[in-house]
Amino acid sequence: MPPMRAQYLIALAAALLLLLPPLAAGAEEGREGYRVGINGAYLPNLKQETIRKWVRETGATMPRVGMRMDLFQKGMPDHPDAMVRDAAAAGGSALAMLFNEHQDVTRPDGTRDQGCRPPEGLWEPVFDNGSDEAKGGAKINPRNEWAVFVSAMVERYDGDGVGDAAGSPVCTYFSVWNEPDWLPWPRRPKDPGDKTMRNWFGRNYADLARLAFVSYRAAKFANPSAKVGMQLCFNESLGLLLDDPKHPLAKNCDFIDFHAYGGKGSDDNCFRNDGIVPVWKQMKGEYERRKLPLPRFLCTESGVGGGLAGSEKGRTQAAAVIKANVVGASVGLVTVCWYALVDPSWENMGLIADASKLPPDGARAERRDAYTALQTASMLLNGATEFEEIPVGQASHAYRFRDRKGRQVVVTWADDAKGVDAGAVVHLPLNNGPWERIEWDFAATGVPKQKLPHASPDTDLTVTPMPIFLREAR
């Protein structure tokens with residue numbers, strides 16, 4: 001895995017009289033509403049039901065759920081059932097991460113690591129008619145173990161009542177592998193024949209393109225409505241796969257799944273370095289340079305380290321949770337899945353502090369401010385549409401959208417490039433209300449911080465790096 005209680009001033013004058021121009025539908029038309037995401041977890045001291053409970057209580061409607069070929073082959077095809085059912089019950093759909101068990105690897109320089117074991121029989125025909133085409137009543141070829149696995153998992157969660165998991169929960173998005181192209185810093189992919197990638201060790205990019213092809217064919221055979229995508233670290237890898245002469249990725253991929261970690265600041269994680277927007281632009285650019293139709297994009301890992309409630313790190317992480325989802329939604333991502341649910345994790349990014357010594361039921365778990373912030377984001381952003389950025393200058397950010405009930409919502413904050421105590425004054429073009437102001441802890445308090453019953457022109461709003469929402473009150 002890669003790399004609040006805030007005290008802040010909010011000065012609202014009476015309210016605003018300027019009418020908003022109509023919200024632009026544009027690319028949002030026809031797209032399902034945004035889904036807040038979260039990565040699951042595994043700790044040997046905790047019951048899986050404890051992890052499930054923590055995931056459910058975030059309110060996220062697109063949890064990332066691991067589906068492992070090795071467990072499937074050991075007679076446990078039901079291992080993801082509970083998490084998939086939970087997501088469906090919440091009105092969403094899990095995001096499947098299709099991968100395999102880990103193995104020890106030794107690189108040519110003698111260094112050792114662990115990575116996912118590539119499947120066997122990948123270049124065997126997908127179907128038992130000796131071809132990759134499903135013709136004449138063909139079935140999945142049993143000699144291609146990855147095709148067997150993918151087809152079975154997609155069938156299990158297609159909701160058609162045949163061969164389904166109990167209750168027929170539906171999972172639509174199936175992401176292939178996890179960081180197959182990961183390389184240690186500062187290496188970047190260059191050679192399509194590279195076989196030293198720890199999560200795709202001994203295989204090259206032609207094999208990876210074949211993995212995507214087999215996944216796509218097997219999944220669509222089981223459920224033509226399934227969406228199949230590739231998980232990648234680097235845009236250079238995406239370019240190599242798009243240019244593969246035998247299996248060009250654009251023909252075998254509905255979405256690109258990327259990871260983004262922009263640094264320790266909540267706005268760095270969105271806008272700078274290897275943050276959400278820069279990595280999305282890099283991935284999108286590979287399609288644009290080749291004049292290819294754009295797929296959908298998902299960010300399935302992004303995070304910032306946390307700390308004690310009310311601490312600087314705690315405030316930054318809570319702000320980052322909300323910003324990642326708002327900004328991701330604004331550029332059209334299907335979801336942003338926060339990494340991680342619980343510590344120990346890379347850079348202490350867990351929404352719950354170190355749980356490695358807790359009892360099996362997770363009693364006494366320390367939920368960080370960011371956990372509450374994600375619950376608030378779920379309440380406001382799940383199912384939301386019509387996202388649009390409001391120009392407010394370089395020192396701050398503002399967006400508007402419609403929630404799942406059709407109410408207009410505006411969210412704004414000061415950029416934290418100058419620290420957690422930074423401030424800015426924004427002018428927001430709102431209609432004449434009434435409005436209610438909602439803060440990061442809305443999920444805990446259940447009530448808006450302030451109601452704004454009237455409106456007046458030219459009202460300025462003083463903001464800090466902690467986002468605030470203004471929602472139409474009906």
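Structure above, values below:
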{"read-out": "Residue count for region 286-315, restricted to those that are more than 19 Å from the chain's Cα centre (by Cα) and open to solvent by 10 Å² or more (accessible area, probe 1.4 Å)", "value": "15"}
{"read-out": "Filter result for the condition that a residue is at pLDDT 95 or above, open to solvent by less than 60 Å² (accessible area, probe 1.4 Å) and farther than 23 Å from residue 254 by Cα, over 152, 138, 147", "value": "138"}
{"read-out": "Per-region count, region 158-182, residues open to solvent by less than 10 Å² (accessible area, probe 1.4 Å) and over 16 Å from residue 254 (Cβ atoms)", "value": "5"}
{"read-out": "So residue 318, is it under 29 Å from residue 405 (Cβ atoms), touching a helix residue (DSSP H, G or I) at 6+ places or on another chain (Cβ under 9 Å) and at pLDDT 95 or above", "value": "yes"}
{"read-out": "Selection status of residue 203, among the basic types (Lys, Arg), more than 28 Å from residue 334 (Cα to Cα) and modelled with pLDDT of 95 or more", "value": "yes"}
{"read-out": "Region 448-474, residues that are outside any strand (DSSP E or B), closer than 28 Å to residue 418 by Cβ, of a type outside the set (S, T, N, Q) and at pLDDT below 95", "value": "449, 458"}
{"read-out": "Verdict on residue 365 being open to solvent by less than 50 Å² (accessible area, probe 1.4 Å) and more than 17 Å from the chain's Cα centre (by Cα)", "value": "yes"}
{"read-out": "Residue match in region 229-239 (condition: of a type in the set (Gly, Ala, Ser), closer than 21 Å to residue 300 by Cβ and buried (at least 24 other Cβ atoms within 10 Å of the Cβ))", "value": "yes"}
{"read-out": "Residues satisfying the stated conditions in region 104-132, i.e. in contact with a Pro (Cβ under 9 Å, 6 or more places away or on another chain) and open to solvent by 80 Å² or more (accessible area, probe 1.4 Å)", "value": "128"}
{"read-out": "Yes/no for residue 388 being assigned to a helix (DSSP H, G or I) and surrounded by fewer than 20 Cβ atoms within 10 Å (Cβ to Cβ)", "value": "no"}
{"read-out": "Any pair with Cβ under 8 angstrom, 6 or more apart, that starts in region 72-93 at a residue that is over 20 Å from residue 298 (Cα atoms) and of a type in the set (Phe, Trp, Tyr) and ends at one that is surrounded by 15 or more Cβ atoms within 10 Å (Cβ to Cβ) and modelled with pLDDT of 95 or more", "value": "72/79; 72/149; 72/152; 72/153"}
{"read-out": "Unmet criterion (only one of (1) more than 29 Å from residue 92 (Cβ to Cβ); (2) surrounded by fewer than 23 Cβ atoms within 10 Å (Cβ to Cβ); (3) not aromatic (Phe, Trp, Tyr)) for residue 414", "value": "(2)"}
{"read-out": "Verdict on residue 109 being among the acidic types (Asp, Glu), at pLDDT below 95 and over 28 Å from residue 84 (Cα atoms)", "value": "yes"}
{"read-out": "Options 399, 371; residue that is aromatic (Phe, Trp, Tyr) and surrounded by fewer than 22 Cβ atoms within 10 Å (Cβ to Cβ)", "value": "399"}
{"read-out": "Lone unmet requirement of (1) in contact with a helix residue (DSSP H, G or I) (Cβ under 9 Å, 6 or more places away or on another chain); (2) at pLDDT 95 or above; (3) in a loop (DSSP other than H, G, I, E, B) for residue 218", "value": "(3)"}
{"read-out": "Matching option when the condition is open to solvent by less than 10 Å² (accessible area, probe 1.4 Å), outside any helix (DSSP H, G or I), within 19 Å of residue 39 (Cα to Cα) and of a type in the set (A, V, I, L, M), among 340, 329, 324, 318", "value": "340"}
{"read-out": "First in region 54-70 and polar (S, T, N, Q), second anywhere and in a strand (DSSP E or B) and open to solvent by 10 Å² or more (accessible area, probe 1.4 Å), Cβ under 7 Å, 6 or more apart", "value": "61/35"}
{"read-out": "Which listed residue, of 420, 392, 425, is out of contact with any strand residue (DSSP E or B) (no Cβ under 7 Å at 6 or more places or on another chain), among the aliphatic types (A, V, I, L, M) and at pLDDT below 95", "value": "420"}
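The values are calculated or read from the model by the stated rules, or taken from the named source; none is laboratory data. Bear in mind the structure is a predicted one, so any value in this text is a computation, not a measurement. Every residue, glycine as well, gets a Cβ built from its backbone with ideal geometry; the counts of neighbours run over all protein chains shown. For the accessible areas, the whole protein counts, side chains as well, though only heavy atoms, and no ligand, DNA or RNA atoms are used. Shrake-Rupley method; radii C 1.70, N 1.55, O 1.52, S 1.80 Å.
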